[in-house]
1. Hey, got a sec? Which trypsin sites (Lys or Arg not before Pro) in the range A:117-160 land in a DSSP loop and have at most 15 other Cβ atoms within 10 Å?
2. Please identify every one of the GluC sites (Glu not before Pro) in the range B:117-196 that sits in a loop by DSSP and has no more than 11 other beta carbons within 10 Å of its own beta carbon.
3. Which ³J(HN,Hα) values in Hz, rounded to whole numbers, follow from the phi angles of the range A:143-153 under the Karplus curve 6.51 cos²θ - 1.76 cosθ + 1.60, where θ = phi - 60° and Gly and Pro get x?
4. In sequence order, what are the phi-derived ³J(HN,Hα) couplings for the range A:205-221 according to the Karplus relation 6.51 cos²θ - 1.76 cosθ + 1.60 with θ = phi - 60°, rounded to whole Hz, with x for glycine and proline?
5. Relative to the present Cα-Cα distance, how much length would full extension add between B:Glu51 and B:Tyr146 at 0.36 nm per residue of separation?
6. For A:Gly230, list long-range residues whose amide hydrogen, built 1.01 Å from N in the peptide plane, is under 5 Å from its own amide hydrogen.
7. Put +1 on the Cβ of every Lys and Arg and -1 on every Asp and Glu Cβ in the range B:71-227; which of B:Thr139, B:Thr110, B:Met162 then has its Cα farthest towards the positive end of the dipole?
8. Out of residues 5 or more away from A:Val203 or on other chains, whose amide H comes under 5 Å of its own, with H placed 1.01 Å from N in the peptide plane?
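Just so you know, all these numbers are worked out from the coordinates, no wet-lab data involved. Given the structure is predicted, the values throughout are model-derived calculations rather than measurements. No Cβ is skipped: glycine too gets one built from the backbone with ideal geometry, and neighbour counts run over all protein chains shown.
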2 protein chains.
Amino acid sequence: MCIFLFSGHNRKFWSLPSILEIEMAQPEKTISDIIAERRSTPRFGPEPVKEDDLRQILTAGIESPSGYNLQPWRFVVVRDPEQRRALRFASHNQPKIEQAPLVIVALGDTEGWREGDLDEMIRIGSEHGYAHPSKSGDTRQLIYDYLSRHENLPMWLDRQVMIALTTMMLMAEALGYDTALMEGFDEQQVREAVEAPPRMHVVCLLAVGHCEGEDKRYGGRFPAERLVFGERFGASLKLTAEIPRRGEKRSSLRLST
Amino acid sequence: MCIFLFSGHNRKFWSLPSILEIEMAQPEKTISDIIAERRSTPRFGPEPVKEDDLRQILTAGIESPSGYNLQPWRFVVVRDPEQRRALRFASHNQPKIEQAPLVIVALGDTEGWREGDLDEMIRIGSEHGYAHPSKSGDTRQLIYDYLSRHENLPMWLDRQVMIALTTMMLMAEALGYDTALMEGFDEQQVREAVEAPPRMHVVCLLAVGHCEGEDKRYGGRFPAERLVFGERFGASLKLTAEIPRRGEKRSSLRLST
């Protein structure tokens, strides 16, 4: 049995079981709603992350932008209880690492670009018509020189990996999960727990699951004037109305102006 | 004149002009759609960023999570054409920095925690009932010790600031803007252009506006098997279906399994 269903601008065929799945699935939360409601989860319950959702979360990271599209990130998805326990001990014994049904260990590969990633990125780019193959030699040299001479490659990696991991966190929140970015760990111990080679720089952990018990209270934020400037550091940003506080929506802001 | 309008679970009064505004506003793009459509914009046109949208973009950054809620980020919003030109020259003369109607310079404050941020964070937290004031001394000491002994504070800052800046990028995309994260710059020259003190670490720039001319082609991504592992580095992640490629939606994935 097939029924027409309008989805955005596209008209598609859906089989009945798919429609039931869609009706059961939550619509994606908007970023505004995530921002208004998100907490760093203090305690996770055991309910697992669905595989379809995990796929979407991973896709969000994989499709993130990176410098020269080098994608220097590597992600180890940890679900096994013993592995979660090992990660917990590598992370100052924080219980939520073991409680969360899923932890993503985000790594930056310090040597990947030298060892195949750069060539593979150029090859895949050519396949997508991104650049003419005749230019690939110049491109390769330019990027190779940039990274060879980089003053702080671990920091470069950190930036790239955090773009992908933040996007994954927001995607997980959009799908209705609770999350916690975790940066308190012993790098060497985490590397050992997931058996990553020494060249892998451990950037951050992301726990994904469902909050158990009461969520953390909102701790507040500095007033915008302390954090945001206009044109020059220290100069106030000139706007015709105030920057909204958490929980205020676009529309309520408009009403208040 | 007032009309009832149902908005989510809340019934609110709206005046007629507000309804018109709401009808004219684009709904927020979902993260899935952003991921499927986003490019790092190659060239910007002059159409400005609306102030209401800028407020939402800034709020997204301000409300992001940070270690101990220390919010070590500072953002300089650059819209003035002369300032954009100065930033362009500080960023290896990349034309899009000058073309984009708005560039956010994201900084990390290496000394903020020592110079008031830590106390202010604790004070605001107490105001929000986040922790009992009697514990604030211990909390303060714990965080002070953590940051004093941190092996690589600039890297810690980088991680925090990238969480906020990535969230801002996605918020801008959700509101229909085109963006480019830019990490090619001379740190000292950027600091001079925005008159930031030496203690401010320049992390990344975010250009926001509207793409002019043809967008960049999608350069492709490495296959998931190269980037994602299960339980241990190098071990394949066991899923019952493949990780979707760009542009494939949750529902189409379900249909294909």
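1. Details: sites: A:Arg123, A:Lys135, A:Arg140, A:Arg149, A:Arg159; in loops: A:Arg149.
Passing sites in the range A:117-160 are A:Arg149.
2. Details: sites: B:Glu120, B:Glu127, B:Glu151, B:Glu173, B:Glu183, B:Glu187, B:Glu192, B:Glu195; in loops: B:Glu151, B:Glu183, B:Glu195.
Here the GluC sites (Glu not before Pro) that fit, given the DSSP loop and packing criteria, are B:Glu151.
3. Going residue by residue, I get 5, 4, 5, 4, 6, 4, 9, 4, 6, 8, 5 Hz, with x marking Gly and Pro.
4. Whole-Hz 3J(HN,Hα) from phi for the range A:205-221: 10, 10, 8, 10, x, 10, 4, 10, x, 6, 6, 5, 6, 6, x, x, 9.
5. Numbers: separation 95, 0.36 × 95 = 34.20 nm, distance 3.83 nm.
Computed gain between B:Glu51 and B:Tyr146 is 30.4 nm.
6. For A:Gly230, whose amide H was placed from the backbone, the distant partners under 5 Å are A:Ala235, A:Ser236, A:Leu237, B:Val77.
7. B:Met162
8. The answer is A:Ala106, A:Leu107, A:Gly108.
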